[in-house]
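Just below is one structure, and these are the notes that go with it.
The values are calculated or read from the model by the stated rules, or taken from the named source; none is laboratory data. Quick caveat: nothing in here was measured; it's all calculated off a predicted structure. Every residue, glycine among them, receives a Cβ derived from its backbone with ideal geometry; neighbour counts consider all protein chains shown.
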Amino acid sequence: MAIAREAEPVSSLREIREAGLDRDDLLLTYRHMLVTRGIEERGHILYKQGKIPGSFYTGRGNEASAVGVAMAMGPEDVGTPLHRDMGVHVTRGVEPWRIFAQYMGREDGPTKGRDGNVHMADSRLGLIAMVSHLPAMLPVAVGAALAFRIREEKRVAVGWFGEGASARGDAHEAMNLAGVRRLPTVFICDNNQWAYSTPMHLEYACETLADRAQAYGFEGVVVDGTDVLAVYREARRAIEKAREGGGPTLIESMTLRMEGHAVHDDASYVPKELFEEWAKRDPIERFRNWLRENAEFTDEEEEQLAGSVKKILNDALSRADESPLPSPDSLTEGVFATPEDLDTPHHK
Amino acid sequence: MAIAREAEPVSSLREIREAGLDRDDLLLTYRHMLVTRGIEERGHILYKQGKIPGSFYTGRGNEASAVGVAMAMGPEDVGTPLHRDMGVHVTRGVEPWRIFAQYMGREDGPTKGRDGNVHMADSRLGLIAMVSHLPAMLPVAVGAALAFRIREEKRVAVGWFGEGASARGDAHEAMNLAGVRRLPTVFICDNNQWAYSTPMHLEYACETLADRAQAYGFEGVVVDGTDVLAVYREARRAIEKAREGGGPTLIESMTLRMEGHAVHDDASYVPKELFEEWAKRDPIERFRNWLRENAEFTDEEEEQLAGSVKKILNDALSRADESPLPSPDSLTEGVFATPEDLDTPHHK
Amino acid sequence: MAEKTYLQAISDGLRQEMQRDKRVFVIGEDVGVYGGAFKVTLGFQEEFGPWRVIDAPLSETAIVGGCTGAAIMGMRPVAEMQFADFISCAWDHLVTVAAKQRYRAGTPVPIVVRLPSGGGFSGGPFHSQNPESSFAHIPGLKVVCPATPEDAKGLLVSAIEDPNPVLYFEHKHLYRRIKAEVPDERYLTPFGKARVHREGDDITVVTWGAMVYTADEAAKQLEEEDLSIEILDLRTLIPWDRKAVLESAKKTSKVLVLHEDTRTGGFGAEIAATIAEEAFEHLDGPIKRVTAPDSPVPFSPPLEKAYIPQIEDVAAGLRELAEY
Amino acid sequence: MAEKTYLQAISDGLRQEMQRDKRVFVIGEDVGVYGGAFKVTLGFQEEFGPWRVIDAPLSETAIVGGCTGAAIMGMRPVAEMQFADFISCAWDHLVTVAAKQRYRAGTPVPIVVRLPSGGGFSGGPFHSQNPESSFAHIPGLKVVCPATPEDAKGLLVSAIEDPNPVLYFEHKHLYRRIKAEVPDERYLTPFGKARVHREGDDITVVTWGAMVYTADEAAKQLEEEDLSIEILDLRTLIPWDRKAVLESAKKTSKVLVLHEDTRTGGFGAEIAATIAEEAFEHLDGPIKRVTAPDSPVPFSPPLEKAYIPQIEDVAAGLRELAEY
Ligand SMILES: Cc1ncc(C[n+]2csc(CCOP(=O)(O)OP(=O)(O)O)c2C)c(N)n1
Ligand SMILES: Cc1ncc(C[n+]2csc(CCOP(=O)(O)OP(=O)(O)O)c2C)c(N)n1
Ligand SMILES: [Mg+2]
Ligand SMILES: [Mg+2]
């Protein structure tokens, strides 16, 4: 007996226009998805070339979900995206070369080499850098929403978590506080069916995770995370509801993690058929087809887009590669903040 | 839209006999409730006399809930009762004099003066001593159930928590693990409407806490915690279900905390009418009336019972008062366990 | 100036900051209607409203983690733990997120967590602890332990102004026992500057919090034995005033480190180790530590008394050093 | 006897205990089907079944807290943290429940938590930490840090047999790098007995875990400079072998304490403080600490290299002491 609502696919250009995206926005969305996948594919190559230290994670299969939610956020909204959510950073405007620099531990990565992978965020773009510990950023997202509520600002905080991380206490405390105080928060559960090697049924025993919203007194929605427009529409609804004082929403976005947990993992524990089934629902393919069928997306447009994305990525790679490694002299800089560090748009 | 089941009151002697209690059991139940209240009332006096160091907590109003659940447990079942659950200790058979010794920090208290109040348990009676941190004992209860499951024993672990403590991550992690693995656990939420000075609606935003069971894939039940027989019946059902492999149940037992959070607290933040309303539902009064109406409980029986309880408590008080304070020389004894410490029924 | 208890100084300091700076808000269990378990925020909700004095659910991670989020969005949150002991429930957040966010991601986390700590009232193992050392080991956190009403206010103001996560330990045994003049106006007591609680020449005692007074009583006893004891009140553990400690050690050549927390791995070890490394040639005797033993805090009065360092324990330690 | 990696020694030791004692079970994230992030339990689920090799939800508190409950009911649980860093999520349980239950309530908690720790692979701030000092400060917990394959097995067996909560830190940088002969039969390496990794007369290095090998390389360098270095591998921090350390300090009169964890409040401080208190008159020089600096563990290779004590850092420290 599921209690969450299941979202329908988006049927037409008109419907999505009503939800807030015109044709240009749709092409932009598609572009963000291409850039997202491109960054991670290039990253993977860099990793194999030995240019990326440590491990390497991708969000293949999650591009629609990440970009869809980010497209629905307002410029003043904030969020705490995770390791499968590169699309959020891309959509919010982080420059791809800085991501490559981050991957490679260079001085110009957002963390200046102090942290790796997608453990980064540009706070000027309203994002807060994730930590490894999952889902430790959810209470932080709720705290951001609390600030908005105290100041009576019409802003919304978006917090991400995986279906695996749903089992941790932090998820509970964060959603409970948001529910009790009806804080302007939207919780996005990236349900990619696996937590490392652990399948869903060993992480939770309810029918859908969106059902948990009920335990916190707000609404839950399940959405097909390979359908960027459905994700966008549901995220938009939830964000605008929160903005207007309607309290939190929990959106469970269903996908499949299309690669291993990280590059070292061949995911042999995932049934092959599952990969095959979900490969047919590749979010980029799917959206391209939709655009062709519903928005007269032409071959020329597509070629042009692909070309410009390719160029951006190539340029980004070279630029990142010119970024120096951090100097060992900077090792202990910034363990403590100085008052000047608070001169950011957010801290003021 | 509540999803948990609401339990009906118990209507007749026959019904409760079918649930497992004969007349002698009922009188024993009543006696446990009297002893429970008596211990706490005497404790309060001791406290005012300056004989109890630190602070002092009681569970007035929760006697039915605590005793009802404990009566439903089998001898091999285990539990982690809390600060309002003196009735569990009494029902499982801890000697009242040892409780007074505990209150007064004496050598013969179950913790030998190392801890105070009801932070104690006799592990030979299947109880595990609570810590202050709420609800830190829930994962422990689930772990006990895990041991039973691994060894394929037909035993059940009962874990208590307050409606306030439901907000903490530990509650979530424990119930989630129990649900995922269908462990033989029964969760008892003592919902006494207040967490110190904080009312329910600032602790959770769902309709009933029993509804949360759904988030973990098991059944939730709301029961009137002033009705010892209804509590017993629901606890018994849940425990036997768990014993037979049916997985966990969450029972929310509704009461009102009839005194302050602890003796220093006058509870002036609780509306007077609320106290008045719930005073009419005093669990002991209520059960006495039921016994009179349904079980031919006589004046003589009552007097005899009251007399024997009084005697037990008086004797207990004197015996406890003879117990010495612990010697400072024992200060650091037992920080670490020795192998011999494992020679308990449970550790083997 | 008016005479105030340590508790009143904290309360007044906090109120003043909230009056002055709308970004400051308070969140914790029972801090609103009830005014907090120790009544530090009594009347605050009437004055500042329910959204600046927030009764939180029983959720330490949500409380402290929420503060981090609010701080990043420009607020200056002050969380109250009902007892310092319960900060264990927010350990992960503080250590994982708050402590490292500036270093990793350039995002400062200006939060204050108020922690009523310490024993002496039969609070038992979970209402008496002094967990400051655990946090002092984590790079990125600041740790503050005022001993006087004046410092209690001034360090709280500095904590709120500091751009980092600050753990502010307020010792419960000082709350109503210690009274002194406290300036009415706003002032900042700087972090990392020890206070010379008592000047002396023969032996240095390095300590903080409630133990300052225990040391003082012991010093008075020894004064009668013609021993002159210097007492340094560290005030803050992170940062701590290495310079003052090393200078005093060089002056007296003998040091006793005193704390209420347990011994092994307590912050006293850091102080002793630093002296052993940096003032080695000035020492005329072993560096002595007087601390609680390595056990939980027991409930029963005779045990608790044996547990918490007493005046006699300090005096005995000082005599031993004197005779060395 | 066969030559085994450190990782293999842990794995084999654990398997042997599980074969021998049905009460031993393993629980953790991805320990079953996947065999654990580092494959320590590879093949265990096939051998022991899904109820003795339990793939847990992502819930560190439930995992470790669950172990406590199971232990009290007579099991001998071995929890695996995917990385030692994540133990922060079970801090409250360990400190509040597991550490104090024996003292308070007489209930022993015989659990083992396996903690893959340490840096050296650009794991970044959350996959490289050495949180042993934090736990060593908490009375009631034991802390184990094997450096050799032989000890890895023997200390694991002792940990499982110990009636207390044991934090078993296995250093990831030793997993596949360090190989040595490991006895096939079951044996217990006792807690609290340091291992003399290298005998020497001029300076004592006290260390543990991966740093034993760093110290060894430094000692080799200094041998060429005619300095004879003694290296004590503590093996266990709680309990730690004070006697061996004090004796070696008395013998060499100069001590360098080395650890990979950060400096302030690290366990090295405890060792130095103890020496300063108890072997003071035998010292011919300051007690030196070589440690990571007080910062999170950085990701980028040049930073991480500067962060983790290197052979050169230890050699420089030893030379300084020698010249003193
Ligand atoms: C508290 C914590 N424990 C363990 C880990 C190790 N770990 C990293 S990712 C992961 C699986 C996460 O699963 P999920 O939340 O579903 O996210 P996904 O990786 O599938 O996107 C685990 C166990 C962690 N990051 N944090
Ligand atoms: C983790 C934690 N934080 C704070 C406290 C302080 N505290 C003690 S009891 C209490 C209220 C508990 O409310 P509830 O769970 O409803 O239990 P009740 O006392 O009402 O039976 C609080 C906040 C605590 N014990 N544990
Ligand atoms: Mg997942
Ligand atoms: Mg309550």
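So here's what we get for this one:
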item	result
Filter pass, residue D:31 being more than 13 Å from chain B (Cβ to nearest Cβ), of a type in the set (Val, Ile, Thr), assigned to a loop (DSSP other than H, G, I, E, B) and under 30 Å from residue C:90 (Cβ atoms)	yes
Residue ranges of strands (runs of 3 or more DSSP E) in segment D:141-213 with at least 3 members crowded, with 22+ Cβ neighbours inside 10 Å and outside the structural domain of residue D:226 (by TED's automatic domain parsing)	D:142-144, D:166-171
Where residue C:74 falls short, out of the listed (1) at the interface with chain A (Cβ under 9 Å from one of its Cβ atoms); (2) touching a residue at least 24 places away in the same chain (Cβ under 8 Å); (3) closer than 20 Å to residue C:18 by Cβ; (4) not in a loop (DSSP other than H, G, I, E, B)	(4)
Tally of residues being farther than 20 Å from residue A:203 by Cβ and either touching a His at 6+ places or on another chain (Cβ under 8 Å) or among the aliphatic types (A, V, I, L, M) (or both) across segment D:7-60	8
Residues of segment B:166-201 that turn out to be closer than 19 Å to residue C:54 by Cβ and out of contact with any helix residue (DSSP H, G or I) (no Cβ under 6 Å at 6 or more places or on another chain), as a count	9
Single residue of segment B:201-223 satisfying the filter (within 16 Å of ligand 4 (Cβ to nearest atom) and more than 10 Å from chain A (Cβ to nearest Cβ)) that is nearest to residue A:182 (Cα to Cα)	B:208
In segment A:164-194, residue farthest from the other protein chains (Cβ to nearest Cβ) [restricted to those that are under 14 Å from residue A:133 (Cα atoms) and touching a strand residue (DSSP E or B) at 6+ places or on another chain (Cβ under 6 Å)]	A:171
All positions within segment D:36-63 that are within 14 Å of ligand 1 (Cβ to nearest atom) and farther than 17 Å from residue D:156 by Cβ	D:37, D:55, D:56, D:57, D:58, D:59, D:60, D:61, D:62, D:63
Segment C:82-117, residues that are in a loop (DSSP other than H, G, I, E, B) and within 17 Å of the chain's Cα centre (by Cα)	C:82, C:83, C:111
Flag if residue B:223 is away from ligand 2 (no atom under 15 Å from the Cβ) and touching a residue at least 60 places away in the same chain (Cβ under 8 Å)	yes
Boolean, residue A:270 is assigned to a loop (DSSP other than H, G, I, E, B) and either within 16 Å of ligand 2 (Cβ to nearest atom) or in contact with a Pro (Cβ under 9 Å, 6 or more places away or on another chain) (or both)	yes
Residue list for segment A:120-161, restricted to those being touching a Cys at 6+ places or on another chain (Cβ under 7 Å) and surrounded by 24 or more Cβ atoms within 10 Å (Cβ to Cβ)	A:143, A:161
Check on residue D:41, surrounded by 22 or more Cβ atoms within 10 Å (Cβ to Cβ), more than 14 Å from chain B (Cβ to nearest Cβ) and not basic (Lys, Arg)	yes
Every residue from segment A:176-219 that is of a type in the set (D, E, K, R) and within 13 Å of ligand 1 (Cβ to nearest atom)	A:190, A:203
Meets criteria (more than 30 Å from residue A:102 (Cα to Cα), out of contact with any helix residue (DSSP H, G or I) (no Cβ under 9 Å at 6 or more places or on another chain) and not hydroxyl-bearing (Ser, Thr, Tyr)) for residue D:284	no
Residue among D:124, D:119, D:154 that alone is in contact with a helix residue (DSSP H, G or I) (Cβ under 7 Å, 6 or more places away or on another chain) and not polar (S, T, N, Q)	D:119
Pairs where the first residue, in segment A:180-207, is within 16 Å of ligand 2 (Cβ to nearest atom) and the second is in a loop (DSSP other than H, G, I, E, B), C-beta under 6 Å, 6+ apart	A:180/B:205; A:180/C:57
Residue tally, condition outside any helix (DSSP H, G or I), closer than 20 Å to residue A:71 by Cα and either facing chain C (nearest Cβ under 7 Å) or without any contact (Cβ under 8 Å) to a residue 60 or more places away in the chain (or both), over segment A:127-156	4
Tabulated pairs, segment A:36-56, first farther than 13 Å from residue A:99 by Cα, second in a helix (DSSP H, G or I), C-beta under 6 angstrom, 6+ apart or interchain	A:53/D:301
Qualifying residue in segment B:94-107 (condition: within 14 Å of chain D (Cβ to nearest Cβ), within 16 Å of ligand 2 (Cβ to nearest atom) and out of contact with any strand residue (DSSP E or B) (no Cβ under 6 Å at 6 or more places or on another chain))	no
